[in-house]
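To start, the structure itself, in structure tokens.
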Protein chains: 2
Amino acid sequence: MTVNSISYFFNPDSIAVIGASREEDKPGHIILKMLLDNKKKNILKSRIYPVNPKANELLGVKVYHSVKEIKDKIELAIIVVPAKYVPQVLTECGEKDVKASIIISAGFSEIGNKELELEVLKIGREYGIRIIGPNCIGVLSPWSGVDTIFLPVYKILSDGTKLVSTPRPKPGYVALISQSGAFGTVAMDYMVGEGIGLSAFVSYGNKIDVDEADLLEYFMSDDKTRVIIMYLESIENGRKFIDIARKVSAIKPIIVLKAGRTRAGSRAAASHTAAVAGLDAIYDAAFRRSGVVRVYDMEELFDVAKALYMLPPVKGNRIAIVTDGGGAGVMATDMAEIIGLDVPQLKGETKEELDKLREIGKIPYFSSIDNPIDLTGSATTEMYIEALDVLLRSNEIDMIIVLALHQVPGIRDPIKLAEEIANKVREYNFIKPVLAVDTGYSEVAVLERECFDKNNIPSYKIPERAIKAAKALYTYGSYLRKINRFNEYVSIFSSYNK
Amino acid sequence: MTVNSISYFFNPDSIAVIGASREEDKPGHIILKMLLDNKKKNILKSRIYPVNPKANELLGVKVYHSVKEIKDKIELAIIVVPAKYVPQVLTECGEKDVKASIIISAGFSEIGNKELELEVLKIGREYGIRIIGPNCIGVLSPWSGVDTIFLPVYKILSDGTKLVSTPRPKPGYVALISQSGAFGTVAMDYMVGEGIGLSAFVSYGNKIDVDEADLLEYFMSDDKTRVIIMYLESIENGRKFIDIARKVSAIKPIIVLKAGRTRAGSRAAASHTAAVAGLDAIYDAAFRRSGVVRVYDMEELFDVAKALYMLPPVKGNRIAIVTDGGGAGVMATDMAEIIGLDVPQLKGETKEELDKLREIGKIPYFSSIDNPIDLTGSATTEMYIEALDVLLRSNEIDMIIVLALHQVPGIRDPIKLAEEIANKVREYNFIKPVLAVDTGYSEVAVLERECFDKNNIPSYKIPERAIKAAKALYTYGSYLRKINRFNEYVSIFSSYNK
């Protein structure tokens with residue numbers, strides 16, 4: 001039932017924009033315009049009804065003076081009126097039997113106005129209207145076209161230049177839940193840059209009703225969501241969070257970036273959200289117990305999301321590193337050891353096979369096959385494939401990191417290298433997770449990484465970031481094993497790639 | 001004398017390319033072509049002489065059959081002949097009174113051929129020829145046009161597309177010394193992407209003669225070098241390194257990325273360079289004692305280089321954080337506390353002044369002024385400037401991080417914001433280091449960061465990276481104070497910006 005009521009936020013048949021505005025830089029204008037644009041583009045199917053007591057027409061659409069004037073039933077109300085009018089507007093929504101409301105308006109507990117907030121909550125409860133907000137930027141669903149992010153895609157600079165400022169991610173499979181609206185918009189910009197698709201984004205502001213646990217539960221059942229990422233500053237109802245997180249992470253991974261880790265940081269968080277951040281160690285324990293994968297900055301958040309979205313988790317922590325640059329191999333090995341992955345010296349059959357490749361010149365005779373497998377600056381595309389073939393079959397390792405620095409002369413076409421690596425991995429049916437690295441910003445580096453990503457081999461800009469992402473596959477895998485869900489999850493995961 | 005002899009590598013009057021080749025993908029061709037191109041572009045002033053016993057003309061230039069045939073004196077010989085011919089070629093260079101040689105050729109101690117290497121060294125010593133290499137990619141000086149990096153700027157893919165693969169950084173003030181050639185080329189790609197200028201790059205391979213300490217000493221006296229960054233895997237002569245590093249870091253900062261930190265990492269380094277990496281704690285102590293700023297991955301290497309190149313060091317660790325996104329402020333505060341910077345609660349005059357700004361509405365009445373100073377999503381350009389003006393005058397803080405997330409509606413022109421912040425900082429004569437952050441990859445984010453950088457306000461993609469860079473200003477400042485060189489360095493530094 002909870003989940004059903006929450007789906008109105010993401011897939012409403014009809015939407016009222018209460019506080020729709022004529023002024024172009026007002027949220028009540030930007031939101032209406034975005035929805036109408038998405039409708040025109042045929043992304044949004046919902047019927048749209050602007051509400052404003054003082055207007056009759058806006059952006060070519062009839063305006064209603066009150067939500068009660070609308071003849072159609074209304075599933076979602078987006079409320080952008082000044083705080084003091086919210087109780088009245090929400091009451092009207094209740095009388096109209098609106099199912100869900102996103103209250104964008106600020107001016108509640110975040111500035112000490114706790115009473116007004118409680119009044120709003122009371123009305124919501126009375127009429128059974130679910131509420132996201134107040135004081136939030138709301139919801140973005142690239143699949144359904146619902147978009148209450150009142151920051152326009154473009155900014156027009158003082159000299160008239162129109163530049164992309166708040167881009168929207170493409171439809172995808174990663175859900176983003178952010179306590180901070182600002183973090184959410186920043187994260188979306190990052191996702192667009194990294195080419196990561198979004199299932200839906202929610203910023204829930206003062207969370208008087210819908211909170212992170214409700215959203216987790218919703219995304220658990222959401223077909224489009226395969227990985228859930230969260231930015232948190234505080235959790236009030238820890239018990240509820242743990243219970244639900246535990247349920248969810250048995251089915252799909254939850255990755256959390258929790259700010260306010262330190263004394264000074266939680267002071268900062270408190271002054272910012274009026275919420276007590278609490279002891280970090282308590283959060284840490286709660287996350288561990290409920291299978292949440294914790295990360296420590298925004299780059300890591302998306303690095304890990306990419307790995308867990310593209311790759312199955314693993315049972316073991318043994319990693320093989322293949323490289324054409326000795327230094328990169330050393331740095332990857334360092335980071336692996338520091339965060340608790342094993343870079344085992346190869347022996348037995350694996351070593352014999354690599355040794356043989358070396359003997360017959362299929363990899364350079366001066367390669368190092370000790371793990372890292374260093375093909376050196378004499379590496380070619382064929383050598384990577386030969387070495388990879390041995391490693392994909394080896395039972396001495398659980399994961400493989402391919403450091404494919406594009407500069408070496410023998411890799412004549414680094415994009416083709418990425419493709420051939422992907423073909424080889426596919427030949428083995430993605431049995432072992434493979435992650436890739438190419439460093440730098442040159443055209444070749446960018447295209448090589450894109451090619452890896454396109455083929456479900458998550459790619460990273462520096463070795464250390466790939467290693468941290470690989471670690472998450474092990475962390476989540478270990479949790480799944482602990483709760484006896486490893487095989488079930490892998491089978492769900494396999495169904496994704498079909 | 002050492003320094004003088006080393007300058008032949010970077011500013012030779014005349015260069016012989018011994019082993020110049022007709023085959024387009026051979027180092028002996030690529031190097032000659034790059035030098036001739038740089039000469040055509042009037043970047044390189046040196047006279048160029050290709051040497052190849054079997055050719056008479058190459059790329060439109062007369063070819064000599066031996067270095068001894070050349071009538072002109074030769075200051076630098078670039079040697080790209082097979083390993084076994086190197087002794088003979090170097091002897092001829094000696095007889096010709098060549099001053100310096102870069103031996104690109106591989107096939108020495110790195111594959112067990114220690115004897116050949118010793119023979120080469122003996123010849124070098126006998127004739128007083130300085131040697132970089134063997135088994136290296138050599139030298140790049142964007143100022144003088146010397147370029148022995150035998151990886152062409154472009155790769156031509158299988159479908160004929162020509163793409164930038166190994167770009168060369170623009171002339172600048174950061175010197176790069178790398179034990180690993182691969183790391184060096186990767187780093188150059190990174191520098192181009194980050195817009196960081198290079199004074200010179202050296203990869204010294206097996207370092208039979210010129211080593212990291214010699215290069216440090218050279219860059220100490222090099223006018224174009226303001227910051228030295230190094231990638232190291234091992235140091236053989238620790239005493240020499242410490243002595244020289246100590247001398248150098250009293251005058252300009254040295255930033256070191258030392259790989260092979262862990263047991264597994266040093267095993268990897270050993271198999272890669274045949275050198276013993278040694279205990280990390282020993283390196284750590286050596287770096288600390290000699291004023292070297294240590295970093296832990298490539299991104300941090302350049303983040304810190306940017307800060308130390310653009311900003312003076314500081315005496316104290318107290319940092320103010322100004323933000324328009326609460327979450328970003330919290331994350332910055334967390335990282336600051338974790339790495340030992342202080343984010344003090346403001347009091348006294350500073351607090352009074354900020355309070356007053358709040359009262360008279362020059363910053364939002366609901367701003368948080370506790371540090372982080374959170375101007376919230378209602379921030380405007382003017383508000384940033386007002387708050388900054390107070391902080392630049394405050395004696396409660398030593399550094400300022402401006403988190404200027406471009407999304408908020410009140411910042412109509414984020415590039416103008418960056419300019420006005422720079423003007424304000426300039427008004428106070430750069431008295432307090434200011435670092436900036438805007439997150440994401442959107443056009444606006446990229447341009448805002450570029451504008452900060454252009455104005456000597458180093459900018460970063462996420463708050464955590466800016467905080468780590470700020471920490472380096474304090475680390476280096478503390479070292480300078482310890483050795484009583486703080487004021488001298490600051491006065492050298494000030495002369496840079498004139």
222 nm mean residue ellipticity, helices alone, for chain A (DSSP H n ≥ 4; -39,500 (n - 2.57); rounded to 500): -13500 deg cm²/dmol
Normalised contact order of segment B:313-496, rounded percent, pairs of Cα under 8 Å and 6 or more residues apart: 27
Of B:492, B:380, B:363, farthest towards positive along the dipole that unit charges on Lys, Arg, Asp, Glu beta carbons give segment B:313-496: B:492
Helix axis angle, A:414-427 relative to chain A longest principal axis, alpha carbon, degrees: 90
Net dipole in debye of segment B:444-489 [+1 Lys, Arg Cβ; -1 Asp, Glu Cβ; about Cα centre; nearest 20]: 260
Cβ-defined net charge surrounding residue A:240, 15 Å radius [Lys, Arg +1; Asp, Glu -1]: -2
Total formal charge among the other residues, if their Cβ is under 9 angstrom from that of residue B:344, Lys/Arg +1 and Asp/Glu -1: 0
Using a 7 Å Cα-to-Cβ projection, residue B:359 label spacings across copies, nm, ascending: 8.7
Within chain A, longest stretch free of exposed chymotrypsin sites (Phe, Trp or Tyr not before Pro) [DSSP loop, at most 14 other beta carbons within 10 Å]: A:1-364
About the Cα centre, charge dipole magnitude for chain B (Lys/Arg +1, Asp/Glu -1 at Cβ), debye: 1320
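Roughly to the nearest percent, how much of the accessible area of segment A:313-496 is carbon and sulfur, given a 1.4 Å probe?
Heavy-atom surface of segment A:313-496 belonging to carbon and sulfur, 1.4 Å probe: 48 percent.
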Dipole magnitude of the protein assembly as shown, debye to nearest 20 (Cβ charges: Lys/Arg +1, Asp/Glu -1, about Cα centre): 40
Exercise: per-residue mean of other protein chain Cβ atoms within 10 Å, B:32-42: 0
Cβ-based charge dipole, chain A, positive-most Cα from A:437, A:200, A:134: A:134
Whole-Å distance, taken between Cα centres, linking segment A:217-235 and segment B:116-155: 55
Percent accessible area from carbon and sulfur atoms, segment B:117-199, protein chains only, probe 1.4 Å: 57
Cα gyration tensor category, rounded, prolate or oblate, for segment A:297-454 with a/c compared to 1.5: rounded
Area buried, chain A against chain B - accessible surface, total, 1.4 angstrom probe, square angstrom: 6400
Computed P(r) (all Cα pairs; segment B:2-307; 20 Å bins; percent): 34, 59, 7
Amide proton proximity set for residue A:17, modelled H, under 5 Å, gap of 5+: A:49, A:51, A:78
Top positive-direction residue, dipole computed over segment A:9-142 with Cβ charges, set A:58, A:88, A:106: A:58
Burial order of peptide ranges A:98-106, B:17-25 (average beta-carbon count within 10 Å, highest first): A:98-106, B:17-25
Neighbouring partner chain Cβ atoms per residue of B:365-371, average, 10 Å criterion: 3
Rounded to 10°, Cα long-axis angle of helix A:114-127 versus longest principal axis of chain A: 90
Chain B: angle of helix B:348-359 to the longest principal axis, Cα-based, in degrees nearest 10: 70
Under-5 Å amide H pairs with residue B:58, H placed in peptide plane, nonlocal only: B:63
Entries in B:252/B:482; A:247/A:482; B:306/B:468 that, when Cα-Cα distance is taken, lie over 23 Å: none
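Please compute the average number of Cβ atoms from other chains found within 10 Å of each residue's Cβ in peptide A:291-300.
Partner-chain Cβ atoms within 10 Å, mean over residues of A:291-300: 3.
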Relative contact order (percent, whole number), chain B, Cα cutoff 8 Å, 6+ residue spacing: 10
Euclidean distance between Cα centres, segment A:1-60 to segment B:319-396, Å: 36
Solvent-accessible area per residue for the protein assembly as shown (1.4 angstrom probe, square angstrom): 36
Cα pair distances of the protein assembly as shown binned at 10 Å [whole percent]: 2, 11, 19, 22, 20, 13, 8, 3, 1, 0, 0
Nonlocal amide H pairs with residue A:173, under 5 Å, H built at 1.01 Å: A:197, A:198, A:199
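The values are calculated or read from the model by the stated rules, or taken from the named source; none is laboratory data. Given the structure is predicted, the values throughout are model-derived calculations rather than measurements. Positions of Cβ are backbone-derived with ideal geometry, glycine not excepted, and every protein chain shown enters the neighbour counts. Please note that ligands, DNA and RNA were not included when accessible areas were found on the heavy atoms of the full protein model with its side chains. Shrake-Rupley method; radii C 1.70, N 1.55, O 1.52, S 1.80 Å.
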